[in-house]
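The values are calculated or read from the model by the stated rules, or taken from the named source; none is laboratory data. Bear in mind the structure is a predicted one, so any value in this text is a computation, not a measurement. With ideal geometry, Cβ positions are generated from the backbone for all residues, glycine too; neighbour counts draw on all protein chains shown.
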Amino acid sequence: MVSSAQQRVPARRIAGLAIPALGVLAAEPLYVLVDTAVVGHLGAVPLAGLALGGVVLSQVSTQLTFLSYGTTSRTARLHGAGRRADAVSEGVQATWLAVAVGLVLLVAGQLLAAPIARALSGDAETAGAAVSWLRIALFGAPLILITMAGNGWMRGVQDTVRPLRFVLAGNGISAVLCPVLVYAADWGLEGSAIANVVAQVISAGLFVRALVREKVPLRPRPAVMRAQLGLGRDLVLRSLAFQACFVSAAAVAARTSTEAVGAHQVVLQLWTFLALVLDSVAIAAQSLIGAALGAGSEAEARGVAGQITRYGLVFGCVLCLLFAAVSQVLPHAFTSDPGVLAEVPHAWWFFVALQPVAGIVFALDGVLLGAGDAAFLRTATLLSAGAGFLPLIWLSLAFGWGLAGIWTGLTAFMLLRLAAVVVRWRSGSWAVVGAVRA
């Protein structure tokens, strides 16, 4: 029997994967926070336009997470089984999928940007601002997906340092460029969209170059892509639940007031940023658990799962205390509009209190994704959204509960997900060994 100590991996090994992954995960939302701060000082309408346009564009990454998370799961198992070339080939096929899907999204997005913005917005001025930003930013859609695929295969072979360099190169240049285009060039909201596309061009180009240098066959392999899409189906359905929730929240906030949607944008972007910060240890879990199961070591996979869960809880508690302490200061960094600032507290304290819950949920999401247990995560997320978030969102609109009602819905959603993933983790049925999950 394997002892408890032998089941675990050194903390420094987890940190070696998690810290660079934290940089990658934090880079995009951190850039969006910079973008929000720059645009926020243009006024409430541009900020609301960025909020709605950003929600629509975020569907590209969040709805297609299988290009990163699904690729990591499949690649890590092959890497753990000693089949590096096959593992990298998963990245090649994921990149082909990214190009194909990205081009379809670009064309569809240009056609549908205006009707979608009108459907989400409470007024024509906000819808117009959202469309002007979105039409430009959509040119980055194929590039976003290529970057996701690149992150996926590199995490799977336990290389999280190069993705950090690639993403920082793109977002760092664009963070400097954004205020220049918005203010100095006087391009306003459109300037922020152009800076966004520049970031994606740089990062995607670096990931493609790294893949070519691996010297594996680059031709499309339909059989592998079909297998990736099979796993992707469950992750897409899971992402649909997330997006139904967050798009509904943005629509209800927009129909509450322009100030409410601006405040919701500020707090939601902080939530997104911290969700990805907490997810950094889960990225390490995906890689380590996939490799352990690929190598046939169920005991190590279970040990890593326990470690990651504890780390997530501690990390969440630290963030809870930190953001409680800065509650009177930080919102002013994102907007000077007094109406928006008055609305922020209605969401802020929900955001703060949820951090420990989020720490556990995101950690266990990483564990189950690393094991390829996507079907369970799909079902749990759909049920949590249908029973928790969505009913409270639309009741909030009907009864005028405002941001407090919206964030009560998010709280119910997170608590239901917490219960589901903890029960699954304790059952151990996720730990299926083999280079490919049966």
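Residues that are assigned to a helix (DSSP H, G or I), among the small types (Gly, Ala, Ser) and crowded, with 24+ Cβ neighbours inside 10 Å do occur in region 65-73, at least one of them.
The set of residues from region 28-64 being crowded, with 20+ Cβ neighbours inside 10 Å, under 29 Å from Ala374 (Cβ atoms) and hydrophobic (A, V, I, L, M, F, W, C) comprises Val32, Val55, Val56, Leu57, Val60, Leu64. Scan region 230-252 and give yes if some residue there is within 16 Å of Asp373 (Cα to Cα), over 18 Å from the mean Cα position of the chain (by Cα), free of Cβ contacts under 8 Å to residues at least 24 places away in the same chain and not in a loop (DSSP other than H, G, I, E, B), otherwise no. Within region 230-252, one or more residues are within 16 Å of Asp373 (Cα to Cα), over 18 Å from the mean Cα position of the chain (by Cα), free of Cβ contacts under 8 Å to residues at least 24 places away in the same chain and not in a loop (DSSP other than H, G, I, E, B). For the structure I just gave you, tell me whether Thr381 is surrounded by 15 or more Cβ atoms within 10 Å (Cβ to Cβ), in contact with a helix residue (DSSP H, G or I) (Cβ under 9 Å, 6 or more places away or on another chain), of a type outside the set (A, V, I, L, M) and within 15 Å of Ala253 (Cβ to Cβ). So Thr381 fails the test. Any chance region 270-278 includes a residue that's under 27 Å from Ile19 (Cβ atoms), β-branched (Val, Ile, Thr) and either surrounded by fewer than 22 Cβ atoms within 10 Å (Cβ to Cβ) or at pLDDT below 85 (or both)? The answer is yes; a qualifying residue exists. Apart from one condition, Tyr183 fits all of (1) under 22 Å from Val24 (Cβ atoms); (2) touching a residue at least 60 places away in the same chain (Cβ under 8 Å); the exception is (1).
Of all residues in region 172-225, count the ones that are assigned to a helix (DSSP H, G or I), among the charged types (D, E, K, R) and over 20 Å from Asn151 (Cβ atoms). Going through region 172-225 one residue at a time, the tally reaches 1. Could you list, ordered by first residue, the pairs with Cβ atoms under 8 Å in which the first is in region 129-146 and at positive phi and the second is of a type outside the set (S, T, N, Q), at least 6 apart or interchain? Nothing qualifies.
Only one of the listed residues (Ala114, Ala94, Ala87) is over 22 Å from the mean Cα position of the chain (by Cα) and under 19 Å from Arg213 (Cβ atoms). That residue is Ala87.
Taking the criterion of being of a type in the set (Gly, Ala, Ser), in contact with a Lys or Arg (Cβ under 6 Å, 6 or more places away or on another chain) and outside any loop (DSSP other than H, G, I, E, B), the only residue of region 93-126 that qualifies is Ala113. Look at region 19-38: where a residue is touching a residue at least 12 places away in the same chain (Cβ under 8 Å) and a partner is in a helix (DSSP H, G or I) and hydroxyl-bearing (Ser, Thr, Tyr), sitting 6+ places away or on another chain with Cβ atoms under 7 Å, you get Ala21/Ser280; Leu22/Ser280; Leu25/Ser280; Pro29/Thr272; Tyr31/Ser174; Asp35/Ser192; Val38/Ser192.
Scanning region 337-378 for residues being closer than 30 Å to Ala291 by Cα, among the small types (Gly, Ala, Ser) and buried (at least 22 other Cβ atoms within 10 Å of the Cβ) gives a total of 8.
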